Amino acid sequence: MNKDPLILVIDDEPQILRALRTILTEKHFRVNAVSTGKDGLAYAAAQPPDVIILDLSLPDINGLEVCRQLREWTRIPIIILSVHDSEREKVAALDRGADDYLTKPFGIEELLARIRVALRHTTQSAADPTNIIKNGLLTIDLTRHIILRDEQEIKLTATEFRLIAYLASNADRVLTHQAILTHVWDAYDADRVEYLRVFIGQLRKKIENDPKQPEYIITESGVGYRFVTND
Amino acid sequence: MQFIRSNILPPLLNHLAALFTVFILTVILRELQIVLSIQIIVLLYLLPVIISTTLWGLTPGALAGFTAFLAFNYFFIPPYFKLAVHKTEDLITLVIFFIVAIVLSQMIGQARDGLKLAKSREWEATRMYEFISALSGLQENNSIARTIAEHVSEVLQIDQVEIYIDKQNSDSASILRIPEKKVYINGSHYIRFPMMTVRALEGEIRLWHGHEVLTPIEQRLFETFSSQGALAIERTRLAKAENRAKLLEESDQMKTTLLSSVSHELRSPLATIKASISSLHSGAVNWDSNARNELLAVIEEETDHLNYLVGNLLDMSRIEAGALKPKREWNILAEILDGVLKKMSKTIEKHHITMDIPNNLPLVPTDYVQMEQVFTNLISNSVKYAPENTLISIVAHVPDHTTLIVKVINQGPKVPEESLSRIFEKFFRITAAERITGTGLGLSICKGIIEAHRGKIWAENLANGFSFNFSLPLTLDGVLPHMPKENNDE
């Protein structure tokens, strides 16, 4: 790509805009920074960015509403910024189509990692989806329903496999409890977080080196889970 | 009890009764005329005067005296059957009789009225005394209203009484009614007494009863009731106002403590950050040196610390406002704890942490994020007080099938027994504030969260250290978690 990726930042804090603009430009991104939801929607339509960074508390339109309106016409990745303790809001935004979130205050490495994942998913979904996912010692073959750890096959139940397959095919993205439950079980079980807790526990015992300090399946407090790759 | 009215015969009947006694006596004396001397008859004629005065009052007595005088003259003094007197001594007898009868009736009447008055005064005083002493202990408007209503219906035959109490600061106006259901009785008269103190109108006594006007005694009693009632109501209002003032003062005091503690707490990391950044900025520190990395690490740590402090403040204000509603879901305790220990790895690096959580521990209905907060605060508190290189152990067990007990045990100093329950209060500190940093909010946040989960939190001294304990219910709305069956479709 000869053109640097364009990032649209929507946040009403001038100092955050200033810092993000400086840092992201330094990291070879092009940056559009706006401070209202209305401007954000207008910019997104006029000059479609590669990634949108959206603060949930905006002076004019609620961030959730901006998210919903964007999702009416575009799949551009959206990374939510929000404050600590607003898990319900984060989950609501993710369920409305946001791709990821960051809790303020955040480290810039985290933000860059999220942006990288978002960009990768844009390019990936354009190409053919991969059928074999490799991550550290793990190899997951989605078509043959096989999972290997250090070349050794791991026996998983059908539900466990559906769970790891769903997490792994959305590698590095946060998935909400509801999204996982709906996908792996069904929409009726969307509130049964207990299923998820138990099955994630079983999976960790089978695939993690130390289930107490998981490397692959990371808990996102109050929000969901993330399958982390170490690239 | 209502003797004010019940003892009063209509006046006409009183007088007729007086006449009747004279008539009866005359009939009897006519029969006995032959055996009785005139002197005895005169004396006997004083009887109806005494009886009438005593029983029915002054004027019936006087009437009895006058008719007795006429009857005596007519029937017993010659010439008989004529109101005339021939003999001088008979005339004297008659005159003396008349004077004696009148004087006697006057004296008895006065004594009787005096006695009656004294009795009713005593009754009135007793009622007032009973009323005032019944009111004296009352602290609450509703019971005051009930007492007034009960005493009103005790002294007066009423159809209904209503005690209206005007609205006071936070309390809305109230009406207490006896009998409770509103009754409508024909011919019932409505009378009301304002309950007023020199400062304000506190309410009203409204009553419906059969008489249009009250007797002076009733009038006096009701005036006393309403003025004493007003004073009692005013007293509760003032007591409430004083309580509120005290609370406000306390919360004001608390805010002052909070502000001073918080500004101190916020400023120290800011000072560190400012110093580090300005030295980096000024070029005083070599860009490639270890010092630079050290300063940057300090800045990051202090920023995290600031974030933690602000988080605690927000949590506290949420707890205070009653806005802390846990989103309770089935969670695995060990998963929460593993996450917390990972996040706190820097904080706990100088202590040894052990976890003793049984593998078969049931799922616990908790708010994941809030439980993280509880563990973070308890562990960071343990780290703060326990000496370096000591053991902090986290133990969980299920004593019965409904409760989970978690203990965070450290080898730190003991807490004086009398302070054990107070350490969960806001800003409570055992050691001098300068020695240990913190806002003094961490443990009270734990308490707020655990109690919002319907659990309990407490602390205890152990032989070799100190332990924070909490319990959590293992059921969510009375039920246990539902577990899916593993489908064997493979």
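Here, each number is a calculation from the coordinates, and none is a lab measurement. Please read all numbers here as calculations on a predicted model, not as lab measurements. In this analysis, Cβ positions are derived from the backbone assuming ideal geometry, glycine residues included, and neighbour counts consider all displayed protein chains.
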Could you give the nm distance between label points at B:I38 and B:T54, where each point is 7 Å from its Cα heading toward the beta carbon?
2.9 nm
When B:W287, B:W458 are ordered from fewest to most other Cβ atoms inside 10 Å of their Cβ, what list results?
B:W287, B:W458
Taking amide H positions as placed 1.01 Å from N in the peptide plane, with prolines and chain starts having none, which residues 5 or more places from A:E220, or on another chain, fall under 5 Å of its amide H?
A:Y225, A:R226
Trypsin sites (Lys or Arg not before Pro) restricted to DSSP loop in the range B:270-362 with at most 15 other C-beta within 10 Å
B:K327, B:K346, B:K350
Which one, B:G311, B:L324, B:G283, projects farthest toward the positive side of the charge dipole computed for the range B:283-332 from Cβ point charges (K/R +1, D/E -1)?
B:L324
Using modelled amide H (1.01 Å from N, peptide plane; none on Pro or chain starts), what sits under 5 Å from the amide H of B:M195, excluding residues fewer than 5 places away?
B:E202, B:G203, B:E204, B:I205
Taking the dipole of the range A:91-198 about the Cα centre (Lys, Arg +1; Asp, Glu -1; charges at Cβ), the one of A:I146, A:V184, A:Y166 that reaches farthest to the positive side is A:Y166
The rounded separation in angstrom of the Cα centers of the range B:234-255 and the range B:119-195 is 29 Å
Using θ = phi - 60° and the Karplus relation 6.51 cos²θ - 1.76 cosθ + 1.60, list the HN-Hα couplings for the range A:199-216 in order, rounded to whole Hz, with x at every Gly or Pro.
6, 5, x, 5, 4, 4, 4, 7, 10, 7, 5, 10, x, 6, 10, x, 9, 8
Lys/Arg +1, Asp/Glu -1 at C-beta; the range B:329-473 dipole; positive extreme among B:L337, B:G440, B:I457
B:G440
Do you know the relative contact order of chain B, to the nearest whole percent, from alpha carbon pairs under 8 angstrom that are 6+ apart?
8 percent
Exposed loop sites here are GluC sites (Glu not before Pro) in DSSP loop states with at most 14 other C-beta atoms within 10 Å. What is the longest stretch of chain A lacking them?
A:152-231
Here the Kirkwood hydrodynamic radius of the protein assembly as shown, Cα-based and in Å, equals 34.8 Å
With labels modelled as points extended 7 Å from the Cα through the Cβ direction, what inter-label distance (nm, one decimal) is found for B:E89 paired with A:T123?
15.6 nm
I need the Debye-formula profile for the range B:281-383: one equal scatterer per C-alpha, no solvent, reported as log10 I(q)/I(0) at q = 0.19 1/Å, two decimals.
-1.06
Given the C-alpha atoms of the range A:132-227, compute the convex hull and give its volume per residue in Å³.
90 Å³
Amide H to amide H, which residues 5 or more places from B:Q160 or on other chains are under 5 Å from it, using H placed in the peptide plane?
B:W208
What does the net charge come to around A:I76 if you take all other residues with beta carbon closer than 13 Å to its beta carbon, with K and R at +1 and D and E at -1?
-2
In debye to the nearest 20, the charge dipole size for the range A:1-102, taken about the Cα centre with +1 at each Lys and Arg Cβ and -1 at each Asp and Glu Cβ, equals 340 debye
D for the range B:329-473, whole µm²/s, Stokes-Einstein with Kirkwood Rh over alpha-carbon pairs at 10 °C and 1.306 mPa s: what number?
103 µm²/s
Per the helix-only model, chain A has a calculated mean residue ellipticity at 222 nm (DSSP H runs of ≥4, -39500 (n - 2.57) each, divided over all residues, rounded to the nearest 500) of -12500 deg cm²/dmol
Taking chymotrypsin sites (Phe, Trp or Tyr not before Pro) that fall in a DSSP loop and have at most 15 other Cβ atoms within 10 Å as cut points, what is the longest piece of chain A between them?
A:107-231
Treating only the Cβ atoms of Lys and Arg (+1) and Asp and Glu (-1) as charged, compute the dipole magnitude of the range B:329-473 about its Cα centre; round to the nearest 20 debye.
380 debye
